[in-house]
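Chemist: Dumping the structure here so I can ask a few things about it.
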Amino acid sequence: VAEFVTTELAAMKLQHGVLLTFLLFVLASFFFFIQHESFYRELHILSQRFPMESTLHLQGSKLAPKYTKERYQNILNIDMSTFKSNLRFISNHLSTDSEVDITSLIRSSSSGDKSDEQKERRGTLTCNGKQVDSEVIYWKIVPGDSTYESPITPHHGEHHDRYITFEYDGGGWNNVRMSLESLIVVAHAMGRTLVVPPQQHLYLLGKPHKDKDDKEEHDEMGFADFFDVALLESHRGFHVLHMEDFLRREGVTGGLHGRLPPGNSSDAWGDALWRYLSQVADAKPEWSGRFIAFPAAPGDFNVSSMLRDSAVRARYEAFGGDRIARGTICYDEQLQRAHHIHFPGFQKHRILQHHYAFAFFADPAMQSFYRRFVRDYMRYKDDIQCAGAELL
């Protein structure tokens, strides 16, 4: 290119040479962008998978070192077991003209001089305004988990336009709890806002009581009576909305296929509310007795392509067992694009499985994260834990 430009400059007027040089620069920049756009996209996916502090060293790359360092520093922090299990993913998602400084990565992963902020530590419990130490504390604070966002769906910036609504299961509390935990996992993995329904009559939980701001006793109970909604809301990768806010934003404005909620009110409740949500939903999954499979990369909506990896196939078959014959639910483009997904609480819509037996992730690191997510964020609120601690 330099020889060509020199020859042209000698044969043409200066202004023509400057114009030609500019055009050649634009053309070269275009090809450079095309070459590395895929690399940047995959590296972003990698950073979302490991949103913790460390350094990804890129050597021998044509990418500008300063830009690479500033943008992609502090994106990996994985222990040796996680590093080994995900080495194949890392190698598949870096372009061939860039090298990962594996030696440095292993050294930083295996070093024991991490600060307290980078170490996994025991959770806390506050009773009567004071932190207490009790054997009921099973949850932990894991560095990086509080900012983790699902890497398999392009939901960033779009989660406020994707919703999951649900009815409480019609069975006893254990059934309600199981379905809620599974829905929490599905909502986070899909990058959707979970809409918390109002209190209602729950089976065998009908003792009259007063909540904090109640003037009269009532026998309805709901999500916030058992779980810490503020804790879930504090998670940067998880999005929560209360039903009245959802109806105010989407219902009374005609955002749900132009159909208004009962009484055109954001205070809709009971059977009238459930009927309305069923009528306006874009999807009402019938997943009872089955399990859902999530890919390791965005846009991979085919189970067969997911199972080409022998290690993933072995985990999948062990996870699904006899349920595979019933038909695996695969996270697909229809589920990704649906504006509003609703889960009724009866018949084939019921999810009566524990979350760790309901959601399969092709990526073992994601599988581990969602188990920790339920353990650390979907736990009973402190008032309930404190009552248990006092009994012990």
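Chemist: Accessible area of the stretch 271-392 with a 1.4 Å probe: how many percent of it is carbon plus sulfur?
Modeler: Roughly 48 percent, rounded to a whole number.
Chemist: Starting from 0.36 nm per residue, how many nanometres of slack lie between Asp133 and Lys119 once their C-alpha separation is accounted for? Walk me through the numbers before you get to the answer.
Modeler: Working: separation 14, 0.36 × 14 = 5.04 nm, distance 1.91 nm.
Fully extending the segment from Asp133 to Lys119 adds 3.1 nm.
Chemist: For each pair in Lys140/Lys207; Lys130/Lys212; Lys207/Lys381; Lys140/Lys215; Lys130/Lys381, compute the distance between the two Cα atoms and list the pairs where it is over 25 Å.
Modeler: In this structure, Lys140/Lys207; Lys140/Lys215 lie more than 25 Å apart at Cα.
Chemist: What is the magnitude of the charge dipole of the stretch 260-316 about its Cα centre, with +1 placed on the Cβ of each Lys and Arg, -1 on the Cβ of each Asp and Glu, and no other charges, expressed in debye to the nearest 20?
Modeler: Numbers: 6 positive and 6 negative charges, 67 e Å.
It comes to approximately 320 debye.
Chemist: Can you give the translational diffusion coefficient of the stretch 226-298 in µm²/s, computed by Stokes-Einstein from the Kirkwood radius over Cα pairs at 25 °C and 0.890 mPa s?
Modeler: Estimated via Stokes-Einstein, D reaches 166 µm²/s.
Chemist: Next question. For the stretch 133-218, what is the accessible area per residue in Å² when the probe is 1.4 Å?
Modeler: It amounts to 44 Å² per residue over the stretch 133-218.
Chemist: Mind checking the per residue accessible area of the stretch 303-356 for me, 1.4 Å probe, whole number of Å²? All intermediate terms of the calculation are to be shown ahead of the outcome.
Modeler: Numbers: 2930 Å² over 54 residues.
With all protein chains present, the stretch 303-356 gives 54 Å² per residue.
Chemist: Also, quick follow-up: Have a look at the stretch 345-392 and give its Rg and Dmax from the Cα atoms, expressed in angstrom.
Modeler: That works out to 15.0, 41 Å for Rg and Dmax.
Chemist: Over what distance in Å are the Cα centres of the stretch 259-279 and the stretch 211-237 separated?
Modeler: Distance between centres, Cα-based: 21 Å.
Chemist: Show me the chymotrypsin sites (Phe, Trp or Tyr not before Pro) within the stretch 313-359 that DSSP assigns to loop and that have at most 15 other Cβ atoms within 10 Å of their Cβ.
Modeler: Phe346
Chemist: List the residues, sorted by chain then number, that are 5 or more residues from Phe294 or on another chain and whose placed amide H is less than 5 Å from its amide H.
Modeler: Placed amide hydrogens put Phe360, Phe361, Ala362 under 5 Å from Phe294.
Chemist: Turning to a different aspect of this structure: Tell me, what is a quarter of the convex hull surface for the C-alpha atoms of the stretch 231-374, in nm² with one decimal?
Modeler: Here the figure is 9.9 nm², rounded to one decimal.
Chemist: Just to confirm, what accessible area per residue do you get for the stretch 233-286 at 1.4 Å probe, in whole Å²?
Modeler: On a per-residue basis, 50 Å².
Chemist: Could you tell me which trypsin sites (Lys or Arg not before Pro) in the stretch 301-351 are loop residues by DSSP with no more than 16 other beta carbons within 10 angstrom of their beta carbon?
Modeler: In loop regions of the stretch 301-351 (DSSP not H, G, I, E or B), the sparsely surrounded trypsin sites (Lys or Arg not before Pro) are Arg308.
Chemist: At 0.36 nm per residue, and after removing the present C-alpha to C-alpha distance, how many nm does the segment from Thr147 to Asn302 gain when stretched out fully?
Modeler: Full extension from Thr147 to Asn302 adds 53.0 nm.
Chemist: Here's another thing I want to ask about it. Where a ≥ b ≥ c are the square roots of the eigenvalues of the C-alpha gyration tensor, would you call the stretch 297-386 rounded, which needs a/c under 1.5, or, failing that, prolate if a/b is larger than b/c, or oblate?
Modeler: prolate
Chemist: Could you compute Rg(Cα) / (2.2 N^0.38 Å) for the stretch 116-274, with N its residue count?
Modeler: 1.19
Chemist: If Lys and Arg each add +1 and Asp and Glu each add -1, what is the summed charge of the other residues whose beta carbon sits under 11 Å from the beta carbon of Gly388?
Modeler: Net local charge, Gly388 excluded: -4.
The values are calculated or read from the model by the stated rules, or taken from the named source; none is laboratory data. These numbers come from a predicted model, not from an experiment. Every residue, glycine among them, receives a Cβ derived from its backbone with ideal geometry; neighbour counts consider all protein chains shown. Note: areas computed on protein heavy atoms with side chains; ligands, DNA, RNA excluded. Shrake-Rupley method; radii C 1.70, N 1.55, O 1.52, S 1.80 Å.
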